[in-house]
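A short write-up of the structure that comes next.
The values are calculated or read from the model by the stated rules, or taken from the named source; none is laboratory data. Fair warning: this is a prediction, and the values are worked out from it, not measured in the lab. As a convention, Cβ positions derive from the backbone with ideal geometry for all residues, glycine included, and neighbour counts pool all protein chains shown. SASA here: full protein model, heavy atoms, side chains in, ligands and nucleic acids out. Shrake-Rupley method; radii C 1.70, N 1.55, O 1.52, S 1.80 Å.
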Amino acid sequence: MHEMSIAMAVVAQVEEAARAGGARAVGEVRLQVGELAGVVPDALAFCFELACAGTVLEGAALVTDAVPARARCLPCATAWAVGMPPDLCCPGCGSAAGTELLSGRELQIAAVTWEDGPDCVRVREPIPEER
Ligand SMILES: [Zn+2]
């Protein structure tokens with residue numbers, strides 16, 4: 001399951017940061033999830049809870065921030081919201097020849113709230129994409 005491997009990667013990264021910073025409990029993990037990342041938030045929340053069991057993250061809340069997908073047309077510089085399902089044809093000139101994806105594939109830890117320990121522990125690694 002896609003969401004399970006993401007949840008486990010998130011937990012592994014936060015655990016590592018907690019170990020490095022000496023934190024013993026995690027309050028909240030905030031994730032940035034792009035519209036095109038292919039993640040179902042409910043499924044991710046469920047898997048996150050399973051992945052947290054028995055770790056320093058046990059009981060931690062998961063907050064997902066949806067990042068809207070945006071694209072830009074290179075020939076005419078029009079930028080638009082790609083939406084779901086993604087529309088990669090430029091609304092300005094109708095071309096799909098030079099479309100650049102500006103955002104929407106994000107999948108990373110934006111912030112972690114520690115229950116104790118230093119608040120300077122940073123986790124900002126992008127989650128490696130499997131598949
Ligand atoms: Zn265009």
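Table for the structure above
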{"quantity": "Share of carbon and sulfur in the accessible heavy-atom surface of the chain [1.4 Å probe, %]", "calculated": "54"}
{"quantity": "Within-14-Å neighbourhood charge of Thr99 [Cβ basis; K, R +1; D, E -1]", "calculated": "+1"}
{"quantity": "Estimated FRET transfer efficiency when R0 is 22 angstrom, pair Arg30-Met8 (beta carbons, to 0.05)", "calculated": "0.80"}
{"quantity": "Segment Ala77-Ala43, length gained on full extension (0.36 nm per residue, minus Cα span)", "calculated": "8.6 nm"}
{"quantity": "Peptide ranges 33-41, 17-25 listed from the most packed, as the mean C-beta count within 10 angstrom indicates", "calculated": "33-41, 17-25"}
{"quantity": "Neighbour net charge for Leu31 - beta-carbon separation under 11 angstrom, K R +1, D E -1", "calculated": "-2"}
{"quantity": "Convex hull volume of the chain per residue (C-alpha atoms, cubic angstrom)", "calculated": "108"}
{"quantity": "Full-stretch length increase - Asp65, Arg19 - with 0.36 nm per residue and alpha-carbon distance subtracted", "calculated": "14.0 nm"}
{"quantity": "Mean separation of Cα contacts under 8 Å (6+ apart) over length of the chain, as relative contact order %", "calculated": "34"}
{"quantity": "Between helix 41-52 and the chain: long-axis angle, C-alpha atoms, 0 to 90°, nearest 10", "calculated": "30"}
